[in-house]
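See below for the structure under consideration.
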Amino acid sequence: MSLTTGTSDAAPAARPLPAPSPATAAPRRLPGPGRILLIAVLAIATGYFLLPVYWLIIAATKSTERLYGSNGLWFDSPQLLANIGKILSYDGHIYLQWALNSLLYAGVGALLATLLAAAAGFALAKYRFRGREAAFKAVLAGVLLPHTALALPLYLLFNQIGLTNTYWAVLIPGVVSPFGVYLSRIYAESAVDDTLLEAARVDGAREGRIFFQLVLRLMSPALVTVFLFQFVGIWNNYFLPLVMLSDDHKYPITLGLATWQTAADRVPQLVQYTVGGAFLSVIPLAVAMLVLQRYWRTGLTEGSLKG
C-alpha cells in the first residue's frame with residue numbers, strides 16, 4: 001500500500017474553540033455552609049485577639065479622669081501626644097531608660113541566641129560525633145522546661161558569682177534558646193546540602209568561613225524566625241528580671257510598668273502612664289512582626305516541611 005502526501009488528502013487543521021462569553025460562562029458557585037462557618041469563626045477569633053489592642057489604643061489617648069468616666073471603646077477628648085510626653089518625662093525620663101534596657105536585653109540577647117542556635121543546630125545536623133543524639137535530646141528537654149521554673153535556680157547560681165542586680169543577670173540567660181537549636185537543626189538538615197559543603201572544603205575554605213559566609217545565608221529564613229521568637233520572648237519576660245534585679249534603673253519595660261501599676265493607689269496618674277507605656281511597648285514588637293513576617297513564614301514552612 002502506498003501513502004500519498006498531497007495537500008488534498010491532508011486533514012483540516014483543528015480550529016481553536018471560541019472563548020465562552022460572559023453570558024454563557026458557568027455561574028460562580030456560592031461558598032458552602034462549611035466555608036461560611038469557617039470564615040465566621042476566623043472573623044470572631046480575629047476580633048477577639050484584636051479587641052485588647054483596640055482598647056489599648058483608645059485608652060492611651062485619654063486623660064486619667066476620662067479613662068474611667070467615658071466609653072472604653074471610643075475616643076473621648078483624645079490627647080495622645082500629651083500623654084506620651086508625660087510618660088517619657090516622668091521621674092527623670094525613667095521610661096526611656098527602661099526602653100533602652102529592653103532593647104539591650106532583647107536585641108543583643110536575641111542576636112547572640114540566634115548565632116549560638118545556628119552554630120549548634122548546624123553542628124548537630126551535619127557533623128558526626130559521639131553523643132550527638134544525646135545532646136539533641138537534652139535540647140528537646142530544654143524546650144519543654146518553662147522559663148519560670150529556671151528563674152530561681154539561675155538566681156542562686158548568679159548570686160554565688162556576684163552577678164545579681166546587673167545587666168548580665170538578664171542578658172546571659174537570654175542567649176540560650178533550645179527551641180532555636182531545634183529549629184536550626186531541622187532546617188539545616190534540609191537547606192544545607194552536603195555536596196556544597198564538600199565543594200567549599202575542596203576549595204580550601206575553613207569551617208569558620210563556611211559557617212559565616214555560606215551556612216548563615218542558607219539558613220537565613222530559619223534564623224530570622226529564631227531571632228523574632230527570642231526577641232519577643234525576652235521583651236515580654238517579667239519573672240526573670242523581677243528575681244534578678246533590684247535597681248529600677250536596670251528594669252525592662254515589663255517590670256517598670258508593673259511598679260507603676262503597684263504605685264497607682266498612691267499616685268493616680270500612674271494608671272494612665274501604665275496604659276500609655278504598655279501602648280508604646282507594643283510598637284517595637286509590631287514593627288518587628290511586620291518587617292520580619294515574610295521571613296518568619298518562610299522559615300516555619302520550609303524548615304519544618306522539607307525532607
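A few notes on this one:
- Fully extended contour minus Cα-Cα distance, from Ala263 to Tyr68, at 0.36 nm per residue: 68.4 nm
- Spin-label model, Ile57 to Ile39: label points 7 Å out along the Cα-to-beta-carbon direction sit 2.3 nm apart.
- Most to least packed among 273-284, 41-52 [average Cβ atoms within 10 Å]: 273-284, 41-52
- What you get for the chain, charging only the Cβ of Lys and Arg (+1) and of Asp and Glu (-1), is a dipole of about 540 debye around the Cα centre.
- Neighbour count of at most 13 Cβ within 10 Å plus DSSP loop: longest trypsin sites (Lys or Arg not before Pro)-free window in the chain: 30-127
- Expressed as a fraction of 2.2 N^0.38 Å, the C-alpha radius of gyration for the range 55-146 is 1.91.
- The chain - percent of accessible surface contributed by carbon and sulfur, probe 1.4 Å: 67
- Once the Cα atoms are used to define both axes, helix 253-262 deviates from the longest principal axis of the chain by about 40 degrees.
- For the range 224-293, the solvent-accessible area works out to 44 Å² per residue, with a probe of 1.4 Å and every protein chain left in place.
- By the Cα gyration tensor, the chain has an equivalent ellipsoid whose semi-axes, rounded to whole angstrom, run 51, 37, 16 from largest to smallest.
- Helix axis angle, 220-235 relative to the chain longest principal axis, alpha carbon, degrees: 20
- Mean Cβ count within 10 Å, highest first, over the residues of peptides 254-262, 240-248: 254-262, 240-248
- The slack in the chain from Leu196 to Val108, taken as 0.36 nm per residue of separation less the alpha-carbon distance, amounts to 28.6 nm.
- Mean-position separation - Cα centroids, the range 75-111 and the range 156-182, in angstrom: 24
- ³J(HN,Hα), Karplus 6.51/-1.76/1.60, whole Hz, each residue of the range 167-176, x for Gly, Pro: 5, 5, 5, 9, 6, 5, x, x, 8, 9
The values are calculated or read from the model by the stated rules, or taken from the named source; none is laboratory data. Keep in mind it's a predicted model, so treat the numbers as computed, not measured. Backbone-built Cβ (ideal geometry, glycine too); neighbour counts: all protein chains shown. We work out accessible area using only protein heavy atoms, side chains counted, and drop any ligands, DNA or RNA first. Shrake-Rupley method; radii C 1.70, N 1.55, O 1.52, S 1.80 Å.
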